[in-house]
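Worksheet for the structure shown next.
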Amino acid sequence: MTRIISGAAGSLTLVVPDAGTRPTSDRVREALFSSLDAADLVHGARVLDLYAGSGALGLEALSRGAATVDLVEKAPRAAATAERNARAVAKAVGGTPAWRVHRAGADAFLRTGSAAFDLVFLDPPYDLGETELHDTLALLVPHLAPDATIVIERAGRSPQPRLPEGLEHLRDKRYGDTSLWWAAPIES
């Protein structure tokens, strides 16, 4: 069972696609968002959730006060699930929270979008190659606010992602079979 951990929609159960996704565990999301909240990186942030799956990462941010959340998912069933979950979280949050589900691949979305994001989650399929991840990160760089934070989720056995020009590694943390890699734009 996947749920929203905290915020206005705390404890709300999320629907998870029946196949093709690997939701971030509640334990990992709780640890991640504790770090993000401690650094005051969520409230008021413009959030991008690439490879969104059920939308759990982006919707956790929406529950905790993100200004906008864009969920990007190319698998039609997963995108429909993310949209259903976003409606439920938005209803629990109240008001008119700004969220959108984009039925597109991560690279296609980044080639056409022009928004600047403060907080970005990348939780690609574990079988996505390191070169493909690098290329996606390179496409992401022009869409980052100067003080943006990027969190990349990979299998615990994966090597440190190779970052493109314009990004620097901040830190990483392993949780069982999951590793989180933090990156940020290099200050000019």
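Filtered by the rule that a residue be closer than 15 Å to Ser11 by Cα, of a type in the set (D, E, K, R) and touching an Asp or Glu at 6+ places or on another chain (Cβ under 8 Å), the stretch 45-91 gives a lone residue, Arg64. The set of residues in the stretch 13-72 being part of a helix (DSSP H, G or I), acidic (Asp, Glu) and buried (at least 20 other Cβ atoms within 10 Å of the Cβ) consists of Glu60 alone. Checked against (1) in a strand (DSSP E or B); (2) among the small types (Gly, Ala, Ser); (3) more than 27 Å from Ile4 (Cα to Cα), Ala138 meets all criteria but (1). Looking across the stretch 128-179, just one residue is on the phi > 0 side of the Ramachandran plot and in contact with a Gly (Cβ under 7 Å, 6 or more places away or on another chain), and that is Gly176. Glu83 falls short on exactly one of the conditions (1) modelled with pLDDT of 90 or more; (2) closer than 17 Å to Pro124 by Cβ; (3) among the charged types (D, E, K, R), and that condition is (2). Kindly provide the set of residues from the stretch 66-82 that are in contact (Cβ under 8 Å) with a residue 24 or more places away in the chain and over 15 Å from the mean Cα position of the chain (by Cα), ordered by number. Selection gives Ala75, Pro76, Arg77, Thr81.
Here is the figure for the stretch 1-56: residues that are among the polar types (S, T, N, Q), within 16 Å of Lys173 (Cα to Cα) and modelled with pLDDT of 90 or more total 2. Exactly one condition in (1) of a type outside the set (S, T, N, Q); (2) surrounded by 15 or more Cβ atoms within 10 Å (Cβ to Cβ); (3) touching a helix residue (DSSP H, G or I) at 6+ places or on another chain (Cβ under 6 Å) is false for Arg162; which is it? Evaluating Arg162 over (1) of a type outside the set (S, T, N, Q); (2) surrounded by 15 or more Cβ atoms within 10 Å (Cβ to Cβ); (3) touching a helix residue (DSSP H, G or I) at 6+ places or on another chain (Cβ under 6 Å) leaves (2) as the failure.
State yes or no: is Ala92 closer than 24 Å to Pro161 by Cβ and either touching a residue at least 40 places away in the same chain (Cβ under 8 Å) or surrounded by 23 or more Cβ atoms within 10 Å (Cβ to Cβ) (or both)? Here the answer is no, as Ala92 does not meet what is asked. Within the stretch 97-113, identify whether any single residue is under 12 Å from the mean Cα position of the chain (by Cα) and among the aliphatic types (A, V, I, L, M), and answer yes or no. Looking through the stretch 97-113, at least one residue is under 12 Å from the mean Cα position of the chain (by Cα) and among the aliphatic types (A, V, I, L, M).
Evaluating Gln160 against the criteria (1) at pLDDT below 95; (2) in a strand (DSSP E or B) leaves one unmet condition, (2). Taken as a whole, the condition of being assigned to a strand (DSSP E or B) and surrounded by 18 or more Cβ atoms within 10 Å (Cβ to Cβ) applies to Leu180. Annotation for the stretch 132-141: at least one member residue is closer than 23 Å to Gly44 by Cα and touching an Asp or Glu at 6+ places or on another chain (Cβ under 9 Å).
Every residue, every condition in (1) in contact with a helix residue (DSSP H, G or I) (Cβ under 6 Å, 6 or more places away or on another chain); (2) polar (S, T, N, Q); (3) crowded, with 21+ Cβ neighbours inside 10 Å, yes or no:
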residue: Ala88; (1), (2), (3): no, no, no
residue: Thr96; (1), (2), (3): no, yes, no
residue: Phe121; (1), (2), (3): yes, no, yes
residue: Ala148; (1), (2), (3): no, no, yes
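Among the criteria (1) in a strand (DSSP E or B); (2) more than 21 Å from Arg29 (Cβ to Cβ); (3) among the polar types (S, T, N, Q), the one Ser114 does not fulfil is (1).
The values are calculated or read from the model by the stated rules, or taken from the named source; none is laboratory data. The structure presented is a predicted model; accordingly, all values stated were derived computationally and were not measured. As a convention, Cβ positions derive from the backbone with ideal geometry for all residues, glycine included, and neighbour counts pool all protein chains shown.
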